[in-house]
Amino acid sequence: MTDLFLDTLLDSVKLVPFLFFTYLAMEVLEHTTAAKVQEHIRQAEKVGPLWGGLLGIMPQCGFSAAASSLYAGRMITVGTLFAIFLSTSDEMLPILISEAHPAAMIAGILAVKVAIAVVSGFFVDFVCVRVTGKRGEEFRIHEVCEEEHCHCEDGILLSAVKHTAKILAYLLLISLALNFIIEWIGEEALAGLFAGAPVFSVLIAAAVGLIPNCASSVLITQLFLQGVLDAGAMMAGLLVNAGVGLFVLFRLNRNVKQNAGIVAALYGLGVFWGIVIRTVGITFA
């Protein structure tokens, strides 16, 4: 029980730098009225999915949490959010490196994840523009501040600290509850899902990957290395493994229907690309 709490606390504390600097940037922008600054950000949105796919590959779920915060304030597009979600994979990279797997295999997995994330991000933005008829939405940073009751009039630094503390407390409580559930179910029971239905392994892997916890990425990566999962199922699970980014999305972006649509689309993209990889015959061997 104590170890579980300490592990959860440590994982949550690791997010502090990402969350703090994200909210600090949002506060600076909220207090900056210069139209030129906002126009520069709007111009950067056009290549947002590219940068999102590249930055998201870093082995730290803090990027997905930061992305959800930025999206809630509409500082990035939904396509950039998808690119980061699809690119990040929590514990996959550390596991592959620690077990000394071939550099070519690791590079291949990362390259495919980045390529899929970038392509999917631009596709999502394209579809959204065609549906809505506009490139981006107005910034909603002030709305996020009001909903979080951060009292922005207290100053940029203090407001950023308050934002970070509130989200950190929220993530700690939710993550602790989820860790208890996973510990109660057991990773062996989760692994047994794949053995019982190999035909649907891509669908199941993507469903497990949606669990916003590092245990899901560890499980999927280990099952792939043990030969239980093929490359398609492994990629499906890791593509949707956005970690605590999903928690932050539902906490700050109060449009539940929109959030549910994002999760459903994320799952659909993971399954689609997993099937493509299996069909093409990519193995990363």
Check: Considering only the stretch 211-221, how many residues are modelled with pLDDT of 80 or more and surrounded by fewer than 23 Cβ atoms within 10 Å (Cβ to Cβ)?
Finding: 1
Checklist line | Members of the stretch 85-103 that are in a helix (DSSP H, G or I) and under 21 Å from residue 215 (Cβ atoms) | finding: 85, 86, 87, 92, 93, 94, 95, 96, 97, 98
Margin query: If I go through the stretch 106-117 residue by residue, how many of them are at pLDDT 90 or above, more than 16 Å from the chain's Cα centre (by Cα) and surrounded by 15 or more Cβ atoms within 10 Å (Cβ to Cβ)?
Written below: 3
Next item on the list: Quick one: which residue in 228, 208, 280, 256 is surrounded by fewer than 16 Cβ atoms within 10 Å (Cβ to Cβ) and in contact with a Phe, Trp or Tyr (Cβ under 9 Å, 6 or more places away or on another chain)?
Entry: 256
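The values are calculated or read from the model by the stated rules, or taken from the named source; none is laboratory data. Model, not experiment: these values are computed from the prediction. Neighbour counts are summed over all protein chains in view; Cβ atoms, including those assigned to glycine, are modelled from backbone coordinates with ideal geometry.
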